[in-house]
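Asker: Quick one: the structure is below, and I'll ask about it shortly.
Laboratory data are not the source of any read-out in this text; all were calculated from the coordinates shown. For clarity, every value in this text was computed on a predicted model and none was experimentally measured.
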Amino acid sequence: MPGVLYLAIKYFATPARALSVNAELSGDNCHRGSLLGAILGCAGTTLPAHLRTTLHDSTSVADSIAAFTSVCGAGAAGDAVDRSVGLLEFLGETQEAAAKAGPVCNQGG
């Protein structure tokens, strides 16, 4: 966790470089990169367009993000339960699809 925070702080202005340095560090870079991307995304940084559009299956990823954000979108306070149920259904479908697709990250080091 300290390494993720270090990368997020040091490369906050250049998130693509943060992810690149993370990959170069090797080790558990897949999980560290997921957390790093989440932190940078929550902080409001954006990736350069070429990193999003050249991503393998970028259309499918964009569709999944759109579906996720539509489930988690803002609404009235009374909608919280409906959004939670929708989110759980979405996560279940995503987990099932991921299991069919197989591993994406290099788990070997």
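Asker: Could you give each residue of the range 58-66 its phi-based ³J(HN,Hα) in whole Hz, using Karplus coefficients 6.51, -1.76, 1.60 with θ = phi - 60°, and x for Gly or Pro?
Answerer: Karplus-based 3J(HN,Hα) across the range 58-66 equals 4, 5, 5, 5, 4, 5, 5, 5, 4 Hz.
Asker: Per 0.36 nm of contour for each residue apart, how much would the distance between residue 68 and residue 30 grow if the chain were fully extended, relative to their Cα-Cα spacing?
Answerer: Gain in length upon complete extension: 11.6 nm.
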